[in-house]
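Participant: Got a structure for you, written out below as structure tokens; questions coming shortly.
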Amino acid sequence: MEQSLKRLEEQEQKYSAELDAALTEYAGLREQAQGFNRVQLYEARQAIRPGKEQEAENRAQEVYGEKYSPLLMFDSKKAVSRMLDEDAERLAVRRMVRQTQKEQQISNKGKRKNQGRDVR
């Protein structure tokens with residue numbers, strides 16, 4: 001049991017280091033992505049995320065076997081979300097979408113008024 005615990009601790013350190021590296025890489029990519037449309041980038045990431053989360057969950061289940069904890073995995077997902085500041089990003093994207101929709105509505109109202117004037 002002590003050997004198993006030691007092996008699990010080593011794996012945890014390894015995966016922790018991988019997570020740190022991934023977070024660093026993510027921060028770099030996020031910085032590069034500043035020129036991209038934030039809404040499209042967010043939507044693309046949300047489309048990719050479920051598959052990647054499932055891969056990570058499957059990998060953790062393989063490694064930990066019977067000691068795997070779905071609750072701990074859930075907590076880990078929440079922690080990663082906090083590290084990536086996704087709540088703030090989600091709110092910013094929603095605001096951007098709402099603002100774009102309002103601008104389109106105002107533009108469409110203006111077009112309708114101008115069309116009505118051209119007909120007379």
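The values are calculated or read from the model by the stated rules, or taken from the named source; none is laboratory data. Keep in mind that this is a model prediction, so the values were computed, not measured. Counting neighbours? That spans all protein chains shown, and the Cβs are built from the backbone with ideal geometry, glycine included. With ligands, DNA and RNA removed, areas are computed over all heavy atoms of the protein, side chains included. Shrake-Rupley method; radii C 1.70, N 1.55, O 1.52, S 1.80 Å.
Participant: Under the Kirkwood approximation applied to all pairs of distinct alpha-carbon atoms, what is the hydrodynamic radius of the chain in Å? Working shown, then result.
Facilitator: Details: mean 1/r = 0.0550 Å⁻¹.
With all distinct Cα pairs of the chain included, I get 18.2 Å.
Participant: Pairing the Cα long axis of helix 86-119 with the longest principal axis of the chain, what angle in degrees results, from 0 to 90 and rounded to the nearest 10?
Facilitator: 20 degrees
Participant: Here's something else I'd like to know. Jot down the radius of gyration and Dmax of the range 36-84, Cα atoms only, both in angstrom.
Facilitator: Computed over the Cα atoms of the range 36-84, radius of gyration and Dmax are 13.3, 43 Å.
Participant: Round to the nearest 0.05 the FRET efficiency obtained for Met73 and Asn37 when R0 = 35 Å and r is the Cβ-Cβ distance.
Facilitator: Numbers: r = 32 Å, r/R0 = 0.91.
That gives a FRET efficiency of 0.65.
Participant: Quick one: putting +1 on the C-beta of Lys and Arg, -1 on the C-beta of Asp and Glu, what dipole do you get for the chain around its Cα centre, in Debye to the nearest 20? Please list the in-between numbers first.
Facilitator: Working: 24 positive and 21 negative charges, 338 e Å.
For this selection, approximately 1620 debye.
Participant: Along Cα→Cβ, 7 Å out, is where each label goes; now give me the distance between the ones at Lys109 and Leu8 in nm to one decimal.
Facilitator: If labels sit at Lys109 and Leu8, their model points lie 6.1 nm apart.
Participant: Averaged per residue, what accessible area in Å² does the range 11-120 show with a 1.4 Å probe, protein chains only?
Facilitator: On the way: 9050 Å² over 110 residues.
In whole numbers, the range 11-120 has 82 Å² accessible per residue.
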